Amino acid sequence: MAEPLARPLVRRYSAVVRLTHWLNAVFLVGMIASGLQIYDAYVHFGPRGTPLPLPNPLDGTPAPHWARLGGWLAGGLNWHFFLAWPFVITGLVYVSFLVLSGEWRSLVFRPRDLRPAVSMQLYYLRLRKEHPEQGKHNALQKAAYTFIVALGVISVLSGFAIYKPVQLGWLTTLFGGYELARYWHFVAVWLFAGFTLLHVLLVLLVDPASLRGMITGWYRGRFPSHD
């Protein structure tokens, strides 16, 4: 079967989106590594034996040394707080740009995207031969980007709930108390890590042109579009 013809080269990603994307990727890796260093100081959530909404498969198991940043608890805390603010700032710049430029319209997952998302998933599972029509982003990408922004908000808020549990007592209470705020913060970390790995894998396997586009800003895809 012949490969579909390539579409024309188009300007797809602005400099602001590309810069914040790569900076946040770097900051996220550093925050995960320093967070593992902090977790290594006490490798449990709450008192031992306390039931959790989701089991912690790493309970009692320290993270490998190569995956940690900081060397010890204080070092991990310093790195975590040092990277947290630029992570938040670049995230706010990214979201603000999407709102002001109107690009958020092509990224937000809406109820009408549910059926196209199912079709796209069938295509990824090789249960559908033709690639479904899509705009700048397909329905699954919209779902992923909407989810990751929401996850970023939860991650930041739970981080503040841990950082200032007295001053922001209302926020800590909202997460179920200090121990559960720490737990949900940790769950968010693994969801971030899982999303990142899946995101990279799908880009490389399904649409490697988008990786070049995120570096150069220019995109030449092969899939049908209604842009």
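If you build the convex hull over the alpha carbons only and average its shadow over all orientations, what do you get for the stretch 51-117? Give it in nm² to one decimal.
The directionally averaged projection comes out at 8.6 nm².
Work out, step by step, the length gained on full extension between HIS44 and LEU122: first 0.36 nm times the residue separation, then minus their alpha carbon distance; give nm to one decimal. Show your work: numbers first, answer last.
Details: separation 78, 0.36 × 78 = 28.08 nm, distance 3.91 nm.
Here the segment from HIS44 to LEU122 would lengthen by 24.2 nm.
At 1.4 Å probe size, put LYS164, LYS129, LYS136 in order of accessible surface, largest to smallest.
Ranking LYS164, LYS129, LYS136 by accessible area, largest first, yields LYS129, LYS164, LYS136.
Can you work out D for the stretch 85-215 in µm² s⁻¹ from Stokes-Einstein, where Rh is the Kirkwood radius over C-alpha pairs, the temperature is 4 °C and the viscosity is 1.567 mPa s?
The estimated diffusion coefficient comes to 77 µm²/s.
Mind checking the per residue accessible area of the chain for me, 1.4 Å probe, whole number of Å²?
For the chain, the per-residue accessible area is 62 Å².
Measuring from label point to label point, each 7 Å out along Cα→Cβ, what is the GLU133 to SER101 span in nm?
Each label point lies 7 Å from its Cα, and together they span 2.6 nm.
Just SER34, SER101, SER158 to compare: in a GNM of the chain, with alpha carbon springs under 10 Å, which one fluctuates most?
SER101
Grab the DSSP H runs of the chain that are 4 residues or longer, score each as -39,500 (n - 2.57), total them, divide by all residues and round the 222 nm result to the nearest 500 deg cm²/dmol. The partial results should precede the final answer.
Details: 7 runs with 133 residues, N = 227.
Mean residue ellipticity at 222 nm (helix-derived): -20000 deg cm²/dmol.
How far is the Cα center of the stretch 14-89 from the Cα center of the stretch 140-159, in Å?
16
Within the stretch 1-101, report the chymotrypsin sites (Phe, Trp or Tyr not before Pro) that DSSP leaves as loop and that have at most 16 other Cβ atoms within 10 Å.
The qualifying sites are TYR42, TRP72.
Can you pull the Kirkwood radius for the chain, inverse mean 1/r over Cα pairs, to one decimal in Å?
About 19.6 Å, per the Kirkwood formula over Cα pairs.
Please report, ordered by residue number, every helix of the chain (full DSSP H runs) that is 24 Å or longer along its axis going by C-alpha atoms and whose mean Kyte-Doolittle hydropathy reaches -1.0. Display every interim value, and only then the final one.
Values: long enough: 15-39 (35 Å, 1.28); 73-101 (41 Å, 1.52); 139-163 (36 Å, 1.56); 178-206 (41 Å, 1.56).
Going by DSSP H runs, the hits are 15-39, 73-101, 139-163, 178-206.
For the residue pair ARG112 and LEU168, what label-to-label distance in nm results when each label sits 7 Å from Cα along the Cα-to-beta-carbon direction?
The modelled label-to-label distance comes out at 3.7 nm.
The values are calculated or read from the model by the stated rules, or taken from the named source; none is laboratory data. This structure is a prediction, so every number in the text was calculated from the model and none was measured. Quick reminder, even Gly has a Cβ in these numbers, built from the backbone with ideal geometry, and neighbours come from all protein chains shown. The accessibility values were calculated without ligands, DNA or RNA, using every heavy atom of the protein model including side chains. Shrake-Rupley method; radii C 1.70, N 1.55, O 1.52, S 1.80 Å.
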